[in-house]
Amino acid sequence: METARTAAASTLSYAIDIGFLDPKKVEFYKTPGGFTGLRYAGNDYKRVTLRRALPIKHPMEYISVADQENKEIGMIRSLYELSEKQFSIAMAELDSRYYSPVVCEVKSVKDKLGYVYMELVIERDGARHVKNCAVKDVNKNIRMLDEDRLAIFDVDGNRYVIQSLNKLDKKSLKRLEPYLF
Amino acid sequence: MLKSHEFSYDLDLTMQPANGILRFNETGTIESCIGDKAFLTLTADEVAEVLVIPGVGCGLICARLNDGSEVLLCRFTMSCMKEAGEFCKVVNYYIKTREYAAPEKKEKPVCEKCGRHFVGELTVCVFCYNKIGVIKRALGLMRPFAGKIIPAELFITLSSVLYLLVPLFSRKIIDDYLRPMKGTFQQILLLAAAMFLARAIGELIFILSSRVFNKGSILFANHLRNLAYEKIQKLSLNSLSKRTPGDLIRRVMEDTTVVKEFISDGGRWAMEQMILFVVVFVILIVTNFQLTLLVFLPVPVVCLALSRFWRFIHIRYERQWRKNSKCQAILHDIIKGIRTVKSFGKEEMEIKKFSDATRELAQVSSDNEVMWAKLFPLMTFLTGIGEFLVLYFGGYKILNGALSFGVLVQFSMYITYIYAPLRWFVSFPRWLADAMTSMVKIFEILDEDIEIKSVTEPKNVPIAGKVTFEGVSFGYKSYEPVLKDINIEIKPGEMIGIVGRSGAGKSTMINLLMRLYDPNQGRICINGVDIREMDPEHLHESIGVVFQDTFLFAGSIYDNIAYAKPDATVEEVIAAAKAANAHDFIMKTADGYNTLIGENGYSISGGERQRIAIARAIIKNPSILILDEATSSLDVETESIIQDSLNRIVKGRTTIAIAHRLSTLRNADRLFVIDDGRIAESGTHLELMKKKGIYYRLVMAQRQTSKLKEIS
Ligand SMILES: Nc1ncnc2c1ncn2[C@@H]1O[C@H](COP(=O)(O)OP(=O)(O)O)[C@@H](O)[C@H]1O
Ligand SMILES: [Mg+2]
């Protein structure tokens, strides 16, 4: 059964070219304007965007590279196939496209008629910032990414991540508890 | 002092939180600073365009320079997205026109005072609004009904007070007649009768007055509902499109119901209990001061405990409720998609999904039951605390001879009046808050400005002349332009076809022409007059439109066709139906034109639906006819039949047709090809075919697929 499926899948991937880029020939670079460019197969793309196909399950694999017009140039099967230098430029670009600050404390949670208002403390470089956010549809917008990781999506479209519920302090956990399940 | 537009952003270039400002002033300088340091300066002369590039959870503004290179101006979180779009608009406008135009102040979706988001589609903050003002206004609206409501309420309270007499009688029986063992049978009978009477009269008054009361509150709710409904009818389409239909319906129906229920249940009950509380308090104080203090001593503690208790319970039950709705959603999905499930042979998987969900629900429910069983006695215990105290100290005093037995009985009877309501009193604030929010929502609708501009001096030119789009740009979201700088002119009587990929913005052009939305830039004119200066009603009377997703009202086919022209004659309705090729299928139904359609009526197919919609659009003989994929659900044959009759109708009328099947548009006078929000090509079918551009490719692609169909 399993082999049959992989066989079928591989015939499909033969029939349809996913267009993986050759990790050896990929050459990302920083542009003077502050963006990431790409030299590949004789082409020079002045600004590329990296997008994760499976941001939750496979954040480091299946990365789509798109040009200025958002047209896909190709996909990178795994970032680990890149050289160290290429890897770090690619990671920097991904980090600036996917912004989900890590929450280290939940200061308050107030429920008002279908909206949940939260004060979240995010920590970056040792400095703590308090973020006010409002969450609608708690069922959908406060959800577990895996066993222990929690994501909060607010009404503006910001996303916050709690890396480990187990490691969160007792008080914060107690405030969040009613909305977890 | 230079005029400038500022955009405050909140991330630095390395994605760390920061306070930055992107400034654009009227001399055309763009400056990006973090703290006081400007780390980047550009002039508008160098820049071709600035644009927002959305990321995931964040975004950035990028300046495309004249030499084609690009510069990163700033990064920000999604909280700044709207303002970023505004900023780009200001700069791009300057680049195009060399004019500095400050943007109009837009209402922010957050509260100025506390920075919190508004609930739902409210534009006031549920934390900071003027609560007293809302109550005052609600009371003001209730005034016409006060004549019913207030006396009824008073009588209801009176009936409860009559109940309160019962313990007094008990005390008298015990202290004066029973304890001394010297009362006569008559005396006891008299008192018992008085007790009975007090109860009976109380009950009677209650029944009568609560009827009056309910009637009053229903009238009040209807009054509110009518006010809101009338207002919605008067609002211009533009301000209506700010809210979803669901929201408006909820405001008219649900919110008025919430307010009504609050008045007839919660509010009334609270007032009654308050009065009772005071009365009991006074009676108790007069009877025995010390014992009264004892009774009231635990009240604050009990209140606190109860409110904690409720919070705890509430959270648990809400969780159960959510699990339950998840189960229902799964079930709903499976039943609706049963064909798909079966055809993929996935029944097992779906069964497992559902049974997992129900198992979880069962677990939560049983946990809750257990918890409730444990906690309920505790609650009873809490509300019974006063009784313990009274019995203990009262009994102690009786033994010392400092208190009569009757007084003790009276006290323990009154205690229930004090403690039992506490259970519910603690949830009263929530109740009140819900009612207030509903009230605020209703007031918002009542306060909405009817757009005066469209009403005061409407220039109602006959909608027959040429239609022009002049530099029209538009986006549903400020940072995602859908239409960019559209310039077209449509001559009277012309038949125009609009083609383009799905999502290109074709329907959006129609929405703008119908004034369901106003353009962000540029204007749309008919006969040289901006449609914003016309009476919307006048505009809609003269345009017949068949939308992509047609909506038919519940009612007969006849009513639906005659909807646009209620005074239409039967002949007109039949003629319209014939023109739309709907007549034949209508005649096949048993009830003909009287066939009921909609929710509970005869179910009609997508194609039939569209034909009725076409009939509805043409019956009022509009001078402009808009067909937005009006024939897309029809088979080729039916379409060509309708097309023939449409061709007859279309003659002499300005027609704008959007069609998926390009062959439908072959006899259009001119075609516009929309690509990426711009007019990419225009001309007749032949011209465009010769050009071998986008249109040519679309036609070729369609021929290919239709050939494939023919073969198979
Ligand atoms: N009410 C809306 N709110 C937000 N975006 C919309 C809305 N209607 C359409 N859009 C978006 O605008 C774009 C153009 O849509 P539309 O004009 O309906 O395209 P079409 O050419 O297929 O008729 C699409 O990307 C669509 O997602
Ligand atoms: Mg459309």
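Averaging the Cα positions of each part gives two centres, and for the stretch B:322-352 and the stretch A:24-47 these lie 47 Å apart. Counting only residues at least eight positions apart within a chain, or on another chain, the lysines with an alpha carbon under 17 Å from that of A:LYS24 are A:LYS85. Per residue, the convex hull spanned by the alpha carbons of the protein assembly as shown comes to 271 Å³. Going toward the positive end of the dipole of chain B, with +1 on Lys and Arg Cβ and -1 on Asp and Glu Cβ, which of B:VAL673, B:LEU162, B:PHE393 do you reach last? About the Cα centre, the residue reaching furthest to the positive side is B:PHE393. GNM on chain A, C-alpha springs below 10 Å: top fluctuator among A:PRO59, A:PRO32, A:PRO101? Most flexible of the set in this elastic network: A:PRO32.
On the principal axes of its alpha-carbon atoms, the stretch A:62-156 has extents of 48, 31, 29 Å, going from largest to smallest.
Per-residue mean of foreign Cβ neighbours for A:94-100 is 6 (Cβ atoms of other chains, 10 Å radius). Converting the Cα gyration tensor eigenvalues of the stretch B:314-353 into ellipsoid dimensions via √(5λ) gives semi-axes, longest first, of 27, 9, 4 Å. With the alpha-carbon atoms of the stretch B:300-432 aligned to their principal axes, the span from lowest to highest coordinate is 87, 30, 21 Å, starting with the largest.
Considering every alpha-carbon pair of chain B, the percent of pairs per 20 Å bin, from zero through the bin containing the longest distance, is 12, 31, 32, 17, 7, 1, 0.
For B:TRP431, the accessible surface of its heavy atoms amounts to roughly 100 Å² (probe 1.4 Å, protein chains only, rounded to the nearest 10).
Put simply, the stretch B:552-621 fits an ellipsoid with semi-axes of 17, 12, 11 Å; these come from the alpha carbon gyration tensor as the roots of five times its eigenvalues, largest first.
A helix-only calculation puts chain A at -6500 deg cm²/dmol for mean residue ellipticity at 222 nm, using -39500 (n - 2.57) for each DSSP H run of at least four residues, averaged over all residues. For the residues A:LEU50, A:LEU94, A:LEU165, a GNM of chain A with alpha-carbon springs under 10 Å puts the largest fluctuation on A:LEU165.
Sorted largest first by accessible area at a 1.4 angstrom probe radius, with every protein chain in place, the residues B:GLU6, B:GLU637 fall in the order B:GLU637, B:GLU6.
For the residues of B:64-70, the average number of beta carbons from a partner chain within 10 Å of their own beta carbon is 3. Per-residue shielding of B:679-689, expressed as the average number of other chain Cβ atoms within 10 Å of the residue Cβ, stands at 0.
In whole percents, the pair-distance distribution calculated for chain A from its alpha-carbon pairs, binned every 10 Å from zero, is 8, 29, 24, 23, 14, 2.
Pairwise alpha-carbon distances in the stretch A:102-179 exceed 20 Å for 22% of all pairs.
The alpha-carbon atoms of the stretch B:647-696, seen along their principal axes, cover 31, 23, 18 angstrom, with the largest extent given first. Bridgeable aspartates and glutamates around A:LYS171 (alpha carbons under 15 Å apart, same-chain partners fewer than 8 residues away excluded): A:GLU105, A:GLU119. Pairs A:LYS136/B:LYS131; B:LYS89/B:LYS231; A:LYS110/B:LYS131; A:LYS57/A:LYS167; A:LYS107/B:LYS352; A:LYS71/B:LYS691: which exceed 29 Å Cα-Cα? Long pairs (Cα-Cα over 29 Å): B:LYS89/B:LYS231; A:LYS107/B:LYS352.
The values are calculated or read from the model by the stated rules, or taken from the named source; none is laboratory data. Not measured: the values here are computed from a predicted model. Note that each Cβ is placed from the backbone with ideal geometry, even for glycine, and that neighbours are counted across all protein chains shown. Protein only, heavy atoms only, side chains kept; ligands, DNA and RNA dropped before computing areas. Shrake-Rupley method; radii C 1.70, N 1.55, O 1.52, S 1.80 Å.
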